[in-house]
1. Does ILE79 fit the bill of being aliphatic (A, V, I, L, M), surrounded by 12 or more Cβ atoms within 10 Å (Cβ to Cβ), modelled with pLDDT of 95 or more and not in a loop (DSSP other than H, G, I, E, B)?
2. With the checklist (1) within 17 Å of ILE106 (Cβ to Cβ); (2) in a loop (DSSP other than H, G, I, E, B) in hand, flag the one item TRP53 doesn't pass.
3. Sort out which residues of the range 88-107 are closer than 10 Å to VAL40 by Cβ and part of a strand (DSSP E or B), and write them in order of number.
4. Any residue in the range 35-44 that is in contact with a strand residue (DSSP E or B) (Cβ under 7 Å, 6 or more places away or on another chain), at pLDDT 90 or above, surrounded by 12 or more Cβ atoms within 10 Å (Cβ to Cβ) and of a type in the set (Phe, Trp, Tyr)?
5. Hey, can you tell me all the residues within the range 31-50 that are of a type outside the set (S, T, N, Q), over 9 Å from the mean Cα position of the chain (by Cα) and assigned to a strand (DSSP E or B)?
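The values are calculated or read from the model by the stated rules, or taken from the named source; none is laboratory data. Since we're looking at a predicted model, the values are computed, not measured. All Cβ positions, glycine included, derive from the backbone under ideal geometry; neighbour counts span all protein chains shown.
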Amino acid sequence: MAATSTQSQHHVRNVAVGRYLEDDTAVEFDIECGFKPRYVCVINVTDREMIEWYEGMADASALYQAAAGTRTLITTLGITPLTDGFTVGLQLNVNVVNKQLSWIAIG
């Protein structure tokens, strides 16, 4: 029996990068980048944590990397794409004052 595979390719049309500083007790928050992303990476620079979301993943999910390097798939508190940006859940421990985040979105 022959194996079958499916591949798709998209040309990058939009790239946005930014920083976010939480200066109050956080809840999930939206970042507007002007397009619906196909890939999002958000890094908590303060605590060295990272989450990544790829097109096709469920809303609020992400690959989470802890400061120690352990990677797990999360299904809540991750990233949800929006028409003009994305929502970041609380997996990145931003519920304490003065957490510095850096992010990139590709659409």
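1. Here the answer is yes, as ILE79 does meet what is asked.
2. Only one criterion in (1) within 17 Å of ILE106 (Cβ to Cβ); (2) in a loop (DSSP other than H, G, I, E, B) is unmet by TRP53, namely (2).
3. Answer for the range 88-107, where residues must be closer than 10 Å to VAL40 by Cβ and part of a strand (DSSP E or B): VAL88, TRP103, ILE104, ALA105, ILE106.
4. The answer is yes, given that some residue of the range 35-44 is in contact with a strand residue (DSSP E or B) (Cβ under 7 Å, 6 or more places away or on another chain), at pLDDT 90 or above, surrounded by 12 or more Cβ atoms within 10 Å (Cβ to Cβ) and of a type in the set (Phe, Trp, Tyr).
5. ILE31, GLU32, GLU49
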